[in-house]
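S.K.: Structure provided below as structure tokens; questions to follow.
The values are calculated or read from the model by the stated rules, or taken from the named source; none is laboratory data. Source: prediction; values computed, not measured. For neighbour counting, all protein chains shown are included, and Cβ atoms are generated from backbone atoms with ideal geometry for every residue, glycine included.
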Amino acid sequence: MSFEQTPNTSNEQSKEKPPYPGWVLKNGIWRNPLEEENIKSIDENKKDSDTENPKIDDELRLTEKELKKLNNKEYLNPGDIEKKKDLEIKYNSLNKETKKESEIYQGPEKKKGEMDPLELHYKWGEVCDALKGNKDEIKVINDCLDKTPEELNVYLENNPEFSDEAKEWIKTNIEVEKEKIADFKKWEDKSVAGKEGAKKENKKETEKEGLEKEVTKRYYDELEKIEQMPDYTKKLKKRKTKKCFQLINDWKDLAYLDDYKGIQEIFSELDEPKPFTFIYNLKKAEMIDEVAIAMALNYKKWDIKDKKKLKTIKSFVNKGSEEKNFWYKSDDRDGTFKDIAQILALKDIPFKSSINVLVEDIKNPNIKSEAIAEIFEIEKETIEEKKKLLKEIKEKITEEKTPSEEETKKQFEKIGASPEIMGIFEKPELLSELFNKGSKILKNPEVQKNIQELQDSIKKATKEEEIIPDPVAKAAEFMKGGGKEKKKESLWKTSFGVMGWSILLFLVFFMLAELKGVDYLSGQTTGKKKEK
Amino acid sequence: MQQRILNNLPPEIESTVSQLHDTILKRSLMRAYKNLDNEKKAMMAKIFNSNDDEQKNDFLHNYLGDLQDIIIKETKKITEEIKQRTH
């Protein structure tokens, strides 16, 4: 059988404020050191005069001794705690009795208005209250405190209500009391400042929470508006989709506030209009990736249990890959899990039972081993290196944006794209199929002949006519993202990213148009409809 | 995403598109470079020999601001040339 043990805090420094300035905590009880001295002196006087009350005094000493004994214990059991309470009550009551006894002992009857040293001393203790307002009650003391030693002498001489003893006491103790009050004021100011600081902090926190709720509410309002948008024409569908993408993008960094419920609702809303364009599928894949990465980046701000966070991430990413989107297939999902695992490792989230839960879901063994190797490397990095890597990831996310369909079309028009190329946008399924079965299509002798011709033409057209100076070659490398970090994937970084993206897409479409790849898929080249 | 597009292309097309992409970029930069005075050319050499990505970005934006237009023109030029050669 064991007893409940409570750590004994009586000997620790108390965080409570003293009832009066200068009072100290001894054996868990606030005491006025001067009072103690007084009691001691009274005690000594009592011994000399034989007029003491030895019963109360002995009991007080005995109680104090027992209290000390208890306070010296490292741990208190429930019985000790109960006993301590009783002893404290007893001690305080006996202490009061002793004071009364000592006051009685003080002897000669006081004249009206006269203050003896002990009474005056008790009054000093009330100074702190007076400083808060009730000045009339101890006006005398305040008068004494405000004066220079010379002024005090004059003041005391001109006030016959003070006995000589009281005058002497005031003169001796006034400086000490002033110091005590100054210390108390400092302590009080600090305490008030601390409280005000805490109040300000709380206010800030409340304001922040209010703002976050307001922001979340606005996003929900926006979502409601989108849900009500009509989508019965192709143009309206595109408009609605654009709004959805915009809202996802705006909301994703604060979506942890509602556990990503709202943002998942937008994804469901996105499935309704589905404009079936090449850019739509790419953009949606990009959005799944970005929201998943935002979940990882805001992992520590997200205020739910780790298990629930990981479950939400997994379910969101897996759902994204289940849809028939060519640009977000199993390997893309694995890539997202790998990126998330990397971010969480950079944020010092433990691998076991946290990151591991996501890594387990990676199906491609190569991606899985890459992810584990990366995490292993990250664990060896310093805090600064981790911060740097996280910053780079965030930058990469902001850089790599699929431009809107309008932007891409505008660029295509500037390049002088043929109506055939422009039309490819409208056939995303065929394009996806081309990407899916490209190698198979290229085995067709007719397409092989076309590609050979095209490659020859390209070879001739791209033949370098002049020597490229070193700064130009290096600038080209930099724009391709192959500068000091060869690992970077972005083809054209910086703000030329969108331009690079459009050019790349244009070149792909151009090749397809030249190869008649789309015609082949739609059966127009062979005169047959493509078999499903 | 750009890399995802390239990775999903059949290898024959992927290498050809990359080759075209590289040529367009180099030619465009070459044209922009030729428009710079000697002082700026020296500055470009110094900056692109360093490891300061921010300075490189700044240089591209400050002194090769018309690069986007040049890229569009070069793309148009090269694809038309290919078309003529093929047909």
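S.K.: Among the residues of the stretch A:280-290, is there at least one that is under 21 Å from the mean Cα position of the chain (by Cα), surrounded by fewer than 21 Cβ atoms within 10 Å (Cβ to Cβ) and away from chain B (no Cβ under 14 Å)? Steps first, answer last, please.
M.R.: Within the stretch A:280-290, the first condition is being under 21 Å from the mean Cα position of the chain (by Cα), and the residues that meet it are A:290.
Retained after the next criterion (residues that are surrounded by fewer than 21 Cβ atoms within 10 Å (Cβ to Cβ)): A:290.
Pick out the ones that are also away from chain B (no Cβ under 14 Å) and you get none.
Checked against the condition, which is being under 21 Å from the mean Cα position of the chain (by Cα), surrounded by fewer than 21 Cβ atoms within 10 Å (Cβ to Cβ) and away from chain B (no Cβ under 14 Å), the stretch A:280-290 yields no hits at all.
S.K.: So, one more: Anything in the stretch B:49-87 that is under 15 Å from the mean Cα position of the chain (by Cα), closer than 30 Å to A:ILE451 by Cβ and more than 7 Å from chain A (Cβ to nearest Cβ)? List them, or say none.
M.R.: B:ILE70, B:LYS73, B:GLU74, B:LYS77
S.K.: Check off (1) out of contact with any Leu (no Cβ under 6 Å at 6 or more places or on another chain); (2) assigned to a helix (DSSP H, G or I) for B:VAL17 and give me the number that stays unchecked.
M.R.: Condition (1) is where B:VAL17 drops out.
S.K.: Among the residues of the stretch B:29-61, write down those that are in a helix (DSSP H, G or I), touching a Lys or Arg at 6+ places or on another chain (Cβ under 8 Å) and at pLDDT 85 or above.
M.R.: Taking the stretch B:29-61 and keeping what is in a helix (DSSP H, G or I), we get B:29-34, B:38-49, B:53-61.
With the extra rule that they be touching a Lys or Arg at 6+ places or on another chain (Cβ under 8 Å), the set shrinks to B:33, B:47-49, B:53.
Once the filter is applied, which keeps residues that are in a helix (DSSP H, G or I), touching a Lys or Arg at 6+ places or on another chain (Cβ under 8 Å) and at pLDDT 85 or above, the stretch B:29-61 yields B:TYR33, B:ILE47, B:PHE48, B:ASN49.
S.K.: Scan the stretch A:217-235 for residues that are out of contact with any Lys or Arg (no Cβ under 6 Å at 6 or more places or on another chain) and not in a helix (DSSP H, G or I) and report the count.
M.R.: Number satisfying all stated conditions: 3.
S.K.: If you don't mind, there's one more thing I want to ask. Check every one of the helices (runs of 4 or more DSSP H) wholly within the stretch A:401-476 and list those with 2 or more residues that are facing chain B (nearest Cβ under 10 Å) and either at pLDDT below 80 or in contact with an Asp or Glu (Cβ under 8 Å, 6 or more places away or on another chain) (or both). Working first, answer last.
M.R.: On the way: elements: A:405-415, A:419-424, A:428-442, A:445-461.
Of the helices (runs of 4 or more DSSP H) lying wholly inside the stretch A:401-476, those with at least 2 residues that are facing chain B (nearest Cβ under 10 Å) and either at pLDDT below 80 or in contact with an Asp or Glu (Cβ under 8 Å, 6 or more places away or on another chain) (or both) span A:428-442, A:445-461.
S.K.: Now, a different point. So, of the residues in the stretch A:253-274 that are hydrophobic (A, V, I, L, M, F, W, C) and not in a loop (DSSP other than H, G, I, E, B), which turns out to be farthest from A:ILE304 (Cα to Cα)?
M.R.: As a first pass, look at the stretch A:253-274 and keep what is hydrophobic (A, V, I, L, M, F, W, C): A:254-255, A:257, A:263, A:266-267, A:270.
Going one step further and asking which of them are not in a loop (DSSP other than H, G, I, E, B), we end up with A:255, A:257, A:263, A:266-267, A:270.
On the way: A:ALA255: 13, A:LEU257: 10, A:ILE263: 17, A:ILE266: 22, A:PHE267: 22, A:LEU270: 27 Å.
The residue in question is A:LEU270.
S.K.: Go over the candidates A:ILE288, A:ILE279 one by one and state the one that is out of contact with any strand residue (DSSP E or B) (no Cβ under 6 Å at 6 or more places or on another chain), under 28 Å from A:SER404 (Cα atoms), modelled with pLDDT of 80 or more and aliphatic (A, V, I, L, M). Let's see the steps before the verdict.
M.R.: Values: A:ILE279 fails: modelled with pLDDT of 80 or more.
Matching residue, one of A:ILE288, A:ILE279: A:ILE288.
S.K.: Among A:ASP306, A:ASP332, which is touching a helix residue (DSSP H, G or I) at 6+ places or on another chain (Cβ under 7 Å), of a type in the set (Asp, Glu) and more than 20 Å from A:ASP271 (Cβ to Cβ)?
M.R.: Numbers: A:ASP332 fails: more than 20 Å from A:ASP271 (Cβ to Cβ).
None of the others qualify; the one that does is A:ASP306.
S.K.: So which residues in the stretch B:17-48 are surrounded by fewer than 18 Cβ atoms within 10 Å (Cβ to Cβ), more than 7 Å from chain A (Cβ to nearest Cβ) and more than 29 Å from B:GLU81 (Cβ to Cβ), if there are any at all?
M.R.: B:ASP37, B:ASN38, B:GLU39, B:LYS40, B:ALA42, B:MET43, B:LYS46
S.K.: Exactly one condition in (1) within 13 Å of chain B (Cβ to nearest Cβ); (2) touching an Asp or Glu at 6+ places or on another chain (Cβ under 8 Å); (3) at pLDDT 80 or above; (4) surrounded by fewer than 18 Cβ atoms within 10 Å (Cβ to Cβ) is not met by A:ILE397; state its number.
M.R.: That leaves (3) as the condition not met.
S.K.: Of the residues A:LYS307, A:LYS338, which single one is surrounded by fewer than 19 Cβ atoms within 10 Å (Cβ to Cβ), modelled with pLDDT of 90 or more, of a type outside the set (A, V, I, L, M) and within 25 Å of the chain's Cα centre (by Cα)? Talk me through it step by step, then tell me what you get.
M.R.: Working: A:LYS338 fails: surrounded by fewer than 19 Cβ atoms within 10 Å (Cβ to Cβ).
That would be A:LYS307, the only listed residue that is surrounded by fewer than 19 Cβ atoms within 10 Å (Cβ to Cβ), modelled with pLDDT of 90 or more, of a type outside the set (A, V, I, L, M) and within 25 Å of the chain's Cα centre (by Cα).
S.K.: Need at least 1 residues that are outside the structural domain of A:LEU254 (by TED's automatic domain parsing) and modelled with pLDDT under 70 per element, so show me which helices (runs of 4 or more DSSP H) inside the stretch A:126-216 make the cut, counting only ones lying wholly within it.
M.R.: Numbers: elements: A:127-132, A:139-146, A:149-157.
Fully inside the stretch A:126-216 and qualifying: A:127-132, A:139-146.
S.K.: OK, next. Counting only residues that are more than 7 Å from every other protein chain (Cβ to nearest Cβ) and under 26 Å from A:GLU466 (Cα atoms), how many does the stretch B:1-16 have?
M.R.: Step one: of the stretch B:1-16, the residues more than 7 Å from every other protein chain (Cβ to nearest Cβ) are B:6-7, B:11, B:14-15.
Narrowing the set further to residues that are under 26 Å from A:GLU466 (Cα atoms) leaves B:14-15.
Total meeting the criteria: 2.
S.K.: Among the residues of the stretch A:339-373, write down those that are among the acidic types (Asp, Glu) and in contact (Cβ under 8 Å) with a residue 40 or more places away in the chain.
M.R.: Step one: of the stretch A:339-373, the residues among the acidic types (Asp, Glu) are A:339, A:348, A:360-361, A:370.
Matches in the stretch A:339-373: A:ASP339, A:ASP361.
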